[in-house]
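> Starting off with a structure, shown below.
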Amino acid sequence: MASQRQAAADDAGTGPLWFNPPGGEQNRRRALTRDRVVAEALAIISAGGAAALSMRALAARLGVVPAALYRHVRSKEQLYDLVLDRVLAEVGCQADPALPWTGQVAALARRLRAVLEDHPGIAALLQARDPVSPASLALAEAFLAPLRAAGLPGRQAALAFRLIYDYTLGFALSDRTSPAEQRVQDTATRAELHAFLRSLPADRFPALAAVGAYAWADDRDQRFTASLDTLIAGLQATLRPRARDASQPAQTGPARSARPDGRARTSPPLP
């Protein structure tokens, strides 16, 4: 049996046929880098959430002692921020100049959502932390630039950025693996839920009985897009009065308004 194990080890390239065995413990330790530490930390978070990440668990995964990690990161908090920066760096922040500002903002929000949903556990970690890292700064700049170019003043542009960013982050928190999403994705379970909603007493739950099935539908992409479009339409509405006011000369005489017949009606100026 021992000879069989030795032969298997030789075939795998870890036996005495190698002068420097490629899979040895010392080789793994020499290969430890910050990039590898961050990559493995991200893998732990994606599998079990941020709570699953500990320096001891990460060290065991990497095959090193916990003290070895501190040569590359100062603390678990810094490790969290490095992981977040790594993920946010995947969001393409380059805007398409051919798109209007509304299209640029919507495209960026869709890319952010896609990246967050590709890495389970990251949206929850991002909600708990607010890293000011190179990738997060680039993302904020990419959101703010088209909002400012659209004509939103500084404070309103910042609020608009937070509105769209927070909406996207909140949507990603309920990812496709959540119980609610799995319930509506399963055809049989969704049909049972819809039948239950339609059976509710109409005198107590008239709205749910009538339209509840639409609220629990397998339409995740449509829900995200529709709500994002509503937010952006609201931002556009705030710009229209400002643009209209800027294009009209100030009145110095009596105020004029249209009569039903289309002719101007003169009214006394406001005090």
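Computed from the coordinates by the stated procedures, all read-outs in this text should not be read as laboratory data. Values in this document were obtained by computation on a predicted structure and should not be read as measured data. For neighbour counting, all protein chains shown are included, and Cβ atoms are generated from backbone atoms with ideal geometry for every residue, glycine included.
> Placing unit charges on C-beta atoms (Lys and Arg positive, Asp and Glu negative, everything else neutral), compute the dipole magnitude of the range 116-172 about its Cα centre in debye, rounded to 20.
Computed charge dipole of the range 116-172: roughly 260 debye.
> I've got another one for you. Express in nm, to one decimal, how much length is gained between Gln236 and Asp130 on full extension, taking 0.36 nm for each residue of separation and deducting their alpha carbon distance. Show your work: numbers first, answer last.
Values: separation 106, 0.36 × 106 = 38.16 nm, distance 2.79 nm.
35.4 nm is the gain from fully extending Gln236 to Asp130.
> For Asp118 paired with Arg183, estimate the spin-label separation in nm (one decimal), with each label point 7 Å from Cα along the Cα-to-Cβ line.
Label-label distance for Asp118 and Arg183, simple model: 3.0 nm.
> Using Stokes-Einstein with the Kirkwood hydrodynamic radius over Cα pairs, what translational diffusion coefficient do you get for the range 78-218 at 20 °C and a viscosity of 1.002 mPa s, in µm²/s rounded to a whole number?
Values: Rh = 17.3 Å.
Using the Kirkwood radius from Cα pairs, D works out to 124 µm²/s.
> Which length gain, in nm to one decimal place, applies between Asp35 and Ser227 when the Cα-Cα distance is subtracted from 0.36 nm times their residue separation?
Numbers: separation 192, 0.36 × 192 = 69.12 nm, distance 3.68 nm.
The Asp35-Ser227 span can extend by a further 65.4 nm.
> Gain in length, Glu77 to Leu200, computed as 0.36 nm per residue apart minus the alpha-carbon separation, to one decimal in nm?
Working: separation 123, 0.36 × 123 = 44.28 nm, distance 4.81 nm.
Contour length minus Cα-Cα distance gives 39.5 nm.
> Still on this structure, please answer the following. If you consider only alpha-carbon coordinates, what radius of gyration and Dmax does the range 76-157 have, in Å?
Gyration radius and largest Cα-Cα distance of the range 76-157: 13.5, 42 Å.
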